Amino acid sequence: MTADYFITPIARLIWDSKYRYRDGERVHDADVKDTWRRVAQALAAVETRDRAHWEAAFSRLLDGFRFLPGGRIRAGAGTGRRVTLFNCFVMGAIEDSMEGIFTALKEGALTMQQGGGVGYDFSTLRPCGSRAWSVGGIASGPVSFMRIWDSVCATLLSTGARRGAMMATLRCDHPDILAFIDAKREPRELRHFNLSVLVTDAFMEAVRQDADWPLVFPLAQLEDGRAAAGATVIERDWPGQPAAVPCRVVSVLRARELWERLMRASYDYAEPGVLFIDRINDTNNLWYRERISATNPCGEIPLPPYGACDLGSLNLTAFVQQPFAPQARLDLRGLQEAAGVAVRMLDNVTDASHFPLEAQRRQALQTRRIGLGITGLGDALIMLGIRYGTAQSFAAAAEVMQTLCHAAYRSSVQLAREKGGFPALEVDSYLQGPFAQALPDDIRAGIATAGLRNSHLLAIAPTGTISLLANNVSSGLEPVFEARYQRRIRQLDGTLLEHEVVDYACQQWQSRHGSDSLPPAFVDARALSPDIHLRMQAAIQPYVDNAISKTINIPEHLDFAAYRSVFEQAHALGLKGCTAFRPNPVTGSVLSLQTPQAARAHCCDIEREAD
């Protein structure tokens, strides 16, 4: 039966190794339809009425890989195991004390043990060399403690736990920012972490003006909490603080010098990424109650302390009618209907899931955040006869995301009428947020009268593994990497093996026109300039209330000045973050046309994504 759904051996391998329910030697999911039924039944079980109706609706949506819920949902729902169905979490603020640090470490370990990735902001930790005046010691700085987290993650993996990614962030004005930027220059350092710098608008302006940039830390946490004679003190917002606090200027450097150092690290070994943190906070739907300083490991969900990722993606290739024909079209009405059911499914995850920590459960129930997104955009465009990177492709992607956004919000309003809104909703404040202000009048009116079930609804996640499960459709909003290429796949025993895979749209075309031909609209990632990647991300950003995980693939020969301008353009376009990948000796290649000699895990690897 599975042969009807798996048109490639790799897709079946992914299902069998990652998402098929088995207890030791006992296999519960005889085929993939059993997996879909198991997930649908588990998520429908939280319904208080019409349970059979919703189980059938959820099963239909999963059928044929039309909707791809996050990997933890597919692997854990209906198994009876005490695991989380949430892919990732942002953990609580790290208190700057030995007890606080190891409490945070314990919470992270418990979360990773249940299969969740974790994100931390290390900006709350004192800089290296500062005096821990309460005990008379010298602080070792954030990077040294990150190494402890990295070791714990490696130890958990050795026990058979799911591979967990971690995100570490640090403010661009923290005194240890240079050490953070250079932390992964050595190939063996912090391999289980993705790194991102929290870049403020003030810093970007200082870069443009070639101004000095102070590195600071809250005065109350330095030495005895008093400013030394002659010390400069300025007010700054700081993670873990409810309002701006006095900060001592520890050192000063040119903003362009710091920016150059950050860009050079990214150019040389693909990290750190950049998060435009002011834009994240200014456009946050819950601006009136949250200050965010971290994201999940892949960056598509900025979250408050103990916030969680509840993810799923609609497979756009399943909504293309008459593919490759002159009259090919995308079924937008079908997409609207699917979005409504998907929102309900993801909302039910909050009630069906276990949580590693009580604080995570409370946060999830307060906001009921979800992240509904898309995958297969690159293939869908090819099937529609639209070349990725043209003005038509940007317009088509924007139309798809606008359709999805408005359908999701209307569904969440209807769910609020039926089940109640999320508890943290303050209607007047919510409707003053920039994203809510841009919604159609009928949605705003619905929120005003009925409320909203979910504080956030849209996110574009990296979907490498779940897209491979769906017969290797293109990932997220990315272009097709290549028609045929090598991909590393983790086996049941944990080893990585190379497999040749064929892109879904190309396979569909070649089954009709011969294996040597390519669809007329085919274009691969190597043929696209970085500017096209940015413009595609910018085209759909207005309709995404969380964020977008996007890797800009950079050719190895691109010069450094052009590479640096990619990040500057990302800020100018209003994006919330930017991650680029250029093949390099430290991390190798993410995907390769030929087997790589020594590829190492890094932030953009398909094995380091949140599914």
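Tabulated results
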| quantity | calculated |
| --- | --- |
| Neighbours by Cβ (under 9 Å, 6+ apart or cross-chain): first from the range 319-343, exposed (fewer than 15 other Cβ atoms within 10 Å of the Cβ); second in a loop (DSSP other than H, G, I, E, B) and acidic (Asp, Glu) | Gln321/Asp331 |
| Check on Arg512, within 14 Å of Ala580 (Cα to Cα), surrounded by fewer than 16 Cβ atoms within 10 Å (Cβ to Cβ) and modelled with pLDDT under 95 | no |
| Any hit, the range 560-572, residues being in a loop (DSSP other than H, G, I, E, B), over 19 Å from the mean Cα position of the chain (by Cα) and either modelled with pLDDT of 95 or more or surrounded by fewer than 21 Cβ atoms within 10 Å (Cβ to Cβ) (or both) | no |
| Boolean, Leu13 is within 28 Å of the chain's Cα centre (by Cα) and under 27 Å from Arg369 (Cβ atoms) | no |
| Leading residue by the ranking (nearest to Ile301 (Cα to Cα)) among those in the range 268-278 that are of a type outside the set (A, V, I, L, M, F, W, C) and surrounded by 20 or more Cβ atoms within 10 Å (Cβ to Cβ) | Gly273 |
| Glu205 being without any contact (Cβ under 8 Å) to a residue 60 or more places away in the chain and under 30 Å from Gly115 (Cβ atoms) | no |
| Matching residues in the range 451-463 - criterion: being of a type outside the set (Lys, Arg) and in contact with a Leu (Cβ under 9 Å, 6 or more places away or on another chain) | Gly451, Leu452, Asn454, Ser455, His456, Leu457, Leu458, Ala459, Ile460, Ala461, Thr463 |
| In the range 352-369, the residues that are under 16 Å from Val118 (Cα atoms), assigned to a helix (DSSP H, G or I) and out of contact with any Gly (no Cβ under 6 Å at 6 or more places or on another chain) | Glu358, Ala359, Gln360, Arg361, Ala364 |
| Qualifying position, being among the charged types (D, E, K, R) and under 23 Å from Asp531 (Cβ atoms), among Glu426, Glu418, Glu399 | Glu399 |
| From the options Leu365, Leu372, Leu377, Leu404, residue that is exposed (fewer than 15 other Cβ atoms within 10 Å of the Cβ) and either under 24 Å from the mean Cα position of the chain (by Cα) or without any contact (Cβ under 8 Å) to a residue 40 or more places away in the chain (or both) | Leu365 |
| Listing of helices (runs of 4 or more DSSP H) fully contained in the range 29-138 that carry 2 or more residues being under 22 Å from the mean Cα position of the chain (by Cα) and under 25 Å from Glu337 (Cα atoms) | 71-76 |
| Exclusive hit being over 28 Å from Asn472 (Cα atoms), touching a residue at least 40 places away in the same chain (Cβ under 8 Å) and touching a helix residue (DSSP H, G or I) at 6+ places or on another chain (Cβ under 9 Å), set Thr48, Thr111, Thr79 | Thr111 |
| Test: residue in the range 597-608 that is modelled with pLDDT of 90 or more, out of contact with any strand residue (DSSP E or B) (no Cβ under 8 Å at 6 or more places or on another chain), farther than 20 Å from Glu260 by Cα and not assigned by TED's automatic domain parsing to the domain that holds Glu205 | no |
| Exclusive hit being of a type in the set (D, E, K, R), more than 18 Å from Asp121 (Cβ to Cβ) and assigned to a strand (DSSP E or B), set Arg185, Arg208, Arg248, Arg261 | Arg248 |
| Residue in the range 439-449 that is within 18 Å of Ile280 (Cβ to Cβ), in a helix (DSSP H, G or I) and among the hydrophobic types (A, V, I, L, M, F, W, C) present | no |
| Leu316 vs. criteria touching a residue at least 24 places away in the same chain (Cβ under 8 Å) and out of contact with any Cys (no Cβ under 8 Å at 6 or more places or on another chain) | yes |
| Residue under evaluation Pro305, criteria (1) within 30 Å of Lys106 (Cα to Cα); (2) in a helix (DSSP H, G or I), criterion not met | (2) |
| Some residue of the range 226-243 being touching a residue at least 24 places away in the same chain (Cβ under 8 Å), part of a loop (DSSP other than H, G, I, E, B), touching a helix residue (DSSP H, G or I) at 6+ places or on another chain (Cβ under 7 Å) and surrounded by 13 or more Cβ atoms within 10 Å (Cβ to Cβ) | no |
| In the range 448-483, the residues that are small (Gly, Ala, Ser), within 26 Å of Ala11 (Cα to Cα) and within 19 Å of the chain's Cα centre (by Cα) | Ala459, Ala461, Gly464, Ser467, Ser474, Ser475, Gly476 |
| Selection within the range 482-507 - surrounded by fewer than 22 Cβ atoms within 10 Å (Cβ to Cβ) and not in a strand (DSSP E or B) | Glu482, Ala483, Gln491, Leu492, Asp493, Gly494, Thr495, Gln507 |
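Conditions tested, residue by residue: (1) in a loop (DSSP other than H, G, I, E, B); (2) at pLDDT 95 or above; (3) in the same structural domain as Ala75 (by TED's automatic domain parsing).
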site	(1), (2), (3)
Val274	no, yes, no
Tyr288	yes, yes, no
Gly334	no, yes, yes
Glu337	no, yes, yes
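The values are calculated or read from the model by the stated rules, or taken from the named source; none is laboratory data. Just so it is clear, the structure is predicted and the values come from calculations on it, not from any experiment. Methodologically, a virtual Cβ is constructed for each residue, glycine included, from the backbone with ideal geometry; neighbour enumeration extends over all protein chains shown.
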